[in-house]
């Protein structure tokens, strides 16, 4: 019974997370990350821990040289923090192997708490994030 309830909890967290990041718009296209196949239900793994949940988002940019990959990763972190703040999450946002020419650099930037905090203090970064995450401006 307990394992089943963990599975339901993890699926609920996964659904909430996909709702949060799936609607992020690509900075170069009028489509969302979900519409472009950048993320999908299969891209997200959630596991229950004693302290909360571990989340892994494996994503694939639209091109291996995508110049906005870092911004997209930061936008995902921002939306997860904003919309799932009630949960204790350990989140890793990782590019799929071979999907980007600077995969290791982007993964390091997006998953480093200090770098992310510094980026979120930059008004230009926040402005860019709000442009691609503001669901009101999508319609």
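Place a point 7 Å from the Cα of residue 5 along the Cα-to-Cβ direction; which residues of segment 29-48 have their backbone N under 16 Å from it?
Only 48 pass the distance filter.
Report the FRET efficiency, 1/(1 + (r/R0)^6), for residue 35 and residue 63, where r is their Cβ-Cβ distance and R0 is 22 Å, rounded to 0.05.
Numbers: r = 16 Å, r/R0 = 0.72.
Computed FRET efficiency for residue 35 and residue 63 comes out at 0.90.
Just order 78-85, 17-24, 121-128 by mean Cβ neighbour count inside 10 Å, highest at the front, would you? Walk me through the numbers before you get to the answer.
Details: 78-85: 16.4, 17-24: 19.9, 121-128: 11.6.
In descending order of packing, they fall as 17-24, 78-85, 121-128.
Could you work out how much longer the chain between residue 88 and residue 111 gets when fully extended? Use 0.36 nm per residue separation minus the Cα distance between them, nm to one decimal. Don't skip to the end; give the middle numbers.
Working: separation 23, 0.36 × 23 = 8.28 nm, distance 1.61 nm.
The span from residue 88 to residue 111 would gain 6.7 nm if fully extended.
Could you work out the relative contact order of segment 6-63? I mean the mean sequence separation of Cα pairs under 8 Å and 6+ apart, divided by the number of residues, in percent. Could you put the intermediate results ahead of the total?
On the way: 62 pairs, mean separation 17.1, N = 58.
So the answer I get is 29 percent.
Tell me what the chain gives for mean residue ellipticity at 222 nm when only DSSP H runs of n ≥ 4 count, each as -39,500 (n - 2.57), the sum divided by the residue total, rounded to 500 deg cm²/dmol.
Numbers: 5 runs with 64 residues, N = 139.
One gets -14500 deg cm²/dmol as the mean residue ellipticity at 222 nm.
Sorting 113, 7, 48 on the 10 Å Cβ count, fewest up front, what's the list? Intermediate values should be presented prior to the final figure.
Working: 113 8, 7 12, 48 16.
Ordered from fewest to most neighbouring Cβ atoms within 10 Å, 113, 7, 48 come out as 113, 7, 48.
Quote the relative contact order of the chain in percent (integer), defining contacts as alpha-carbon pairs under 8 Å separated by 6+ residues. Display every interim value, and only then the final one.
Details: 171 pairs, mean separation 33.5, N = 139.
After rounding, I find 24 percent.
How would you rank 38, 13, going from fewest to most other Cβ atoms within 10 Å of each one's own Cβ? Before the final figure, lay out each step's value.
Numbers: 38 23, 13 20.
Listing 38, 13 from fewest to most nearby Cβ atoms yields 13, 38.
With a bin width of 5 angstrom, please list the P(r) values of the chain as percents of all Cα-Cα pairs, from the 0 bin to the one holding the largest distance.
Per 5 Å bin, starting at 0, the Cα pair percentages come out as 2, 10, 20, 23, 21, 13, 6, 3, 1, 0.
Quick note: the coordinates plus some simple rules give every number you see, no bench work behind them. Here the structure is a predicted model, which means the values were calculated and not measured. So basically every Cβ, Gly included, is an ideal-geometry build from the backbone, and we count neighbours across all protein chains shown.
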